[in-house]
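Taking it in order: structure first as structure tokens, then the write-up.
The values are calculated or read from the model by the stated rules, or taken from the named source; none is laboratory data. Values in this document were obtained by computation on a predicted structure and should not be read as measured data. Note: ideal-geometry Cβ built from the backbone for every residue, glycine included; neighbour counts use all protein chains shown. Side chains are part of the model used for accessible areas, which takes the heavy atoms of the whole protein and leaves out ligands, DNA and RNA. Shrake-Rupley method; radii C 1.70, N 1.55, O 1.52, S 1.80 Å.
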Amino acid sequence: MSEHLDLSQVNVDELPVVPNPLLKLEGATIQFGGLIAVNQVSFEIMPGDLFGLIGPNGAGKTTCFNLITGVYKPTGGSIKFEGNEIAGFNPSKIARAGICRTFQNIRLFGALSALENVMVGGYLRHKTSLLSGLALWPSAIRETEELKEQAMQLLEVVNLTDVAHARARDLPYGKQRRLEIARAMATNPRLILLDEPAAGMNPQEKEELKEVVLRIRDEFGKTVLLIEHDMKFVMGLCEKIVVLDHGEEIAAGPPSEIRSNPKVIEAYLGEPV
Ligand SMILES: Nc1ncnc2c1ncn2[C@@H]1O[C@H](COP(=O)(O)OP(=O)(O)OP(=O)(O)O)[C@@H](O)[C@H]1O
Ligand SMILES: [Mg+2]
């Protein structure tokens with residue numbers, strides 16, 4: 001064999017493609033005074049994953065979302081998105097980078113219509129500001145029309161076309177949760193974080209939500225990280241799961257392994273997982 005590698009002989013199409021993680025936490029930690037809310041948490045989310053983050057109340061799940069989305073700056077460790085360190089970036093910079101979220105406590109513009117709520121999400125990625133939209137520039141009018149069209153398409157994805165013009169605050173709880181998802185989608189994120197999207201939903205609404213999340217991943221190619229307490233929901237939907245307890249990662253793997261993991265069963269005090 002020659003000492004020098006002859007690159008002209010290498011067919012790049014035959015090289016194995018190793019995908020890079022979309023999101024990578026390495027030892028992510030945050031301490032509030034004496035409480036370490038998230039302690040040395042590490043996991044990787046690959047593009048196209050449908051990933052679950054579970055754990056008992058106070059385990060540090062929402063705090064993890066707050067670290068990933070820049071609400072809090074970690075006191076230790078690293079958070080990389082598409083290979084770039086984002087730990088400590090402010091929330092709007094992280095949203096522009098392609099991470100969007102919904103909240104455990106729904107945060108909609110209650111007095112705006114469902115359609116307008118989704119359009120607000122769209123403004124984040126469009127050049128047009130709300131003010132120039134009011135200025136009636138032809139380009140602004142065109143963009144606003146486009147935003148409206150895209151927002152209507154997203155309302156269709158979350159099955160809310162029929163309530164497009166209803167005020168957000170007048171919608172039943174389950175629909176408000178789906179509206180939040182549509183608004184997050186309007187920013188065209190690569191990674192979407194859902195904090196307890198099924199909370200307060202009845203079994204039928206949960207089934208509908210499952211279809212919506214699958215569509216977001218399969219049809220729109222989004223990567224999804226979701227927090228959920230409903231084990232049946234999370235185990236039936238997510239392909240990979242990380243479990244936190246008291247801020248620490250106690251298990252990671254596919255639902256079949258998580259379900260029978262003794263540490264997980266103990267963390268849930270023997271409740272069926
Ligand atoms: N800003 C803060 N200051 C002080 N403590 C905080 C702060 N934010 C979160 N915590 C604490 O961190 C711990 C983890 O909270 P977190 O909200 O992340 O839990 P969770 O896993 O989302 O729980 P739940 O399932 O109840 O939503 C809790 O003890 C909480 O009180
Ligand atoms: Mg929470």
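Listed values, structure above:
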quantity	calculated
Any hit, region 48-59, residues being out of contact with any strand residue (DSSP E or B) (no Cβ under 6 Å at 6 or more places or on another chain), acidic (Asp, Glu) and either at pLDDT 95 or above or within 14 Å of ligand 1 (Cβ to nearest atom) (or both)	no
Residue that is farthest from ligand 2 (Cβ to nearest atom), among those in region 73-83 that are in contact with a helix residue (DSSP H, G or I) (Cβ under 9 Å, 6 or more places away or on another chain) and in a loop (DSSP other than H, G, I, E, B)	GLU82
ILE99 vs. criteria modelled with pLDDT of 95 or more, open to solvent by less than 30 Å² (accessible area, probe 1.4 Å) and more than 24 Å from VAL158 (Cα to Cα)	no
Residues located in region 175-216, provided they are within 14 Å of CYS100 (Cα to Cα), open to solvent by 10 Å² or more (accessible area, probe 1.4 Å) and outside any loop (DSSP other than H, G, I, E, B)	ARG183, MET185
Yes/no for GLY70 being open to solvent by less than 20 Å² (accessible area, probe 1.4 Å), assigned to a loop (DSSP other than H, G, I, E, B) and away from ligand 2 (no atom under 16 Å from the Cβ)	yes
Residue satisfying condition, being farther than 20 Å from ALA251 by Cβ, over 18 Å from the mean Cα position of the chain (by Cα), of a type outside the set (A, V, I, L, M, F, W, C) and assigned by TED's automatic domain parsing to the domain that holds LEU237, within set GLY83, GLY76	GLY76
Within region 79-92, tally of residues that are surrounded by fewer than 19 Cβ atoms within 10 Å (Cβ to Cβ) and out of contact with any Gly (no Cβ under 7 Å at 6 or more places or on another chain)	7
LEU191 vs. criteria touching a residue at least 24 places away in the same chain (Cβ under 8 Å) and closer than 23 Å to LEU112 by Cα	no
Pair list, Cβ under 6 Å, 6 or more apart: region 50-62 residue in a strand (DSSP E or B), other residue within 10 Å of ligand 2 (Cβ to nearest atom)	LEU53/LYS61; LEU53/ILE227
Residues of region 16-34 that turn out to be free of Cβ contacts under 8 Å to residues at least 12 places away in the same chain and part of a strand (DSSP E or B), as a count	1
Of all residues making up region 35-49, the number that are at negative phi and in a strand (DSSP E or B)	10
ASP162 being open to solvent by 10 Å² or more (accessible area, probe 1.4 Å), at pLDDT 95 or above and within 27 Å of ILE86 (Cα to Cα)	no
So LEU225, is it in a strand (DSSP E or B) and either within 16 Å of ligand 2 (Cβ to nearest atom) or assigned by TED's automatic domain parsing to the domain that holds PRO47 (or both)	yes
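Conditions tested, residue by residue: (1) closer than 27 Å to ILE216 by Cβ; (2) open to solvent by less than 40 Å² (accessible area, probe 1.4 Å); (3) of a type in the set (Lys, Arg); (4) in the same structural domain as PRO91 (by TED's automatic domain parsing).
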site: GLY33; (1), (2), (3), (4): no, no, no, yes
site: GLU44; (1), (2), (3), (4): yes, no, no, yes
site: LEU50; (1), (2), (3), (4): yes, yes, no, yes
site: GLY55; (1), (2), (3), (4): yes, yes, no, yes
site: ALA59; (1), (2), (3), (4): yes, yes, no, yes
